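Presented below is the structure to which this report refers.
The values are calculated or read from the model by the stated rules, or taken from the named source; none is laboratory data. Here the structure is a predicted model, which means the values were calculated and not measured. When we count neighbours, we look across all protein chains shown, and the Cβ atoms used for this are built from the backbone with ideal geometry, even at glycine.
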Amino acid sequence: MLPEIPIWVHFLLIAADLPVAVLVGWPIFGDCGGFLESLKYGFKPNVFSAMEGEWFDDQWATIKLYFWLVLVGAVHVGFAHAVAHFFFA
């Protein structure tokens, strides 16, 4: 069982995750516009997208966004696990 990590360490880990999030997101979204489009569709209700004829685009953008969030979350958990193991054990 790993020890609990102080909250300030999580903030440092989030700062360390940002470059990784950009590197992971680049092949998924292509550019900043693709990321913003995924965010737009992620917050837009599916009913409105269906009425505008953009339902498939909405679903694809949402899948990309959730996939990216899972990857970045896994990287954060891995970083936290390594920090807890090497510095707080």
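Of note:
- Filter result for the condition that a residue is surrounded by 11 or more Cβ atoms within 10 Å (Cβ to Cβ) and at pLDDT below 90, over H10, H76: H10
- Candidates F67, F48, F86, F79, filtered to the one that is of a type outside the set (K, R) and touching a residue at least 60 places away in the same chain (Cβ under 8 Å): F79
- Here G30 passes the criteria (1) loosely packed, with under 12 Cβ neighbours inside 10 Å; (2) free of Cβ contacts under 8 Å to residues at least 40 places away in the same chain except the one numbered (1).
- Close pairs from the range 1-19: first on the phi > 0 side of the Ramachandran plot, partner loosely packed, with under 10 Cβ neighbours inside 10 Å and modelled with pLDDT of 90 or more, Cβ under 8 Å, at least 6 apart: none
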